[in-house]
Amino acid sequence: MRLLEPHNDDRGRVMELYREDWLPLSVDSQAKQVLLSVSVPGAIRAWHRHTRGQYDWLAILQGRVRVVTYHPDAKDFSTSIIDGSTNPAAVFI
């Protein structure tokens, strides 16, 4: 996870959502797409699996999000709750 750094002025706010140098050194990947998803309170986004070596950055800018990841090699789940309203963050998945 990476906390995002908002830059505020009288026009509003700007934040970097992705930088190539944020990737772990072991990942040889270039961004292919950047998405913005806005969900209604209580919405659940479907479980899905990336089988072709895809990695994502999930940016939480407002509201609370529970991120659950499954690690098939370890047969283990991990859960994080992120409050983007107080600490905007991006999670590398």
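The values are calculated or read from the model by the stated rules, or taken from the named source; none is laboratory data. Since the structure is predicted, the reported quantities are computational estimates derived from the model, not experimental observations. Note: ideal-geometry Cβ built from the backbone for every residue, glycine included; neighbour counts use all protein chains shown. Please note that ligands, DNA and RNA were not included when accessible areas were found on the heavy atoms of the full protein model with its side chains. Shrake-Rupley method; radii C 1.70, N 1.55, O 1.52, S 1.80 Å.
When the C-alpha atoms of the chain are aligned to their principal axes, what extent does each axis show, in angstrom, from largest down?
Taking max minus min along each principal axis of the Cα atoms, the chain gives 48, 33, 19 Å.
Going from most exposed to least, what order do I82, I44, I93 have by accessible area with a 1.4 Å probe? Don't skip to the end; give the middle numbers.
Numbers: I82 10, I44 150, I93 70 Å².
Putting I82, I44, I93 in descending order of accessible area: I44, I93, I82.
At a 10 angstrom cut-off on C-beta neighbours, averaged per residue, how do the peptides 56-63, 3-10 rank from highest to lowest? Could the numbers behind the result be given before it?
Numbers: 56-63: 16.4, 3-10: 9.5.
Going from most to least packed, we get 56-63, 3-10.
Roughly what would the spin-label model give for E16 and R45, points 7 Å off Cα along C-beta, in nm?
Placing both labels 7 Å along Cα→Cβ, they lie 2.2 nm apart.
Which one of M15, L3, T79 is farthest out on the positive end of the charge dipole of the chain, using unit charges on Cβ (Lys, Arg +1; Asp, Glu -1) and the Cα centre as origin?
Highest projection toward the positive end goes to T79.
Select from R66, R19, R52 the residue whose mean-square fluctuation is largest in a Gaussian network model of the chain (Cα-Cα springs shorter than 10 Å).
Among R66, R19, R52, the largest mean-square fluctuation in the Gaussian network model of the chain belongs to R52.
Suppose each label sits 7 Å from its Cα in the direction of the beta carbon; what would the K75-S37 distance come out to in nanometres?
2.8 nm
Using a Gaussian network model of the chain with C-alpha springs under 10 Å, which one of T51, T79, T69 is most mobile by mean-square fluctuation?
Taking springs between Cα atoms under 10 Å, the residue moving most is T51.
With every protein chain kept in place and ligands, DNA and RNA left out, what is the accessible area per residue of the chain? Probe 1.4 Å, answer in Å². It would help to have the intermediate numbers written out before the result.
Working: 8210 Å² over 93 residues.
Per residue, the chain has an accessible area of 88 Å².
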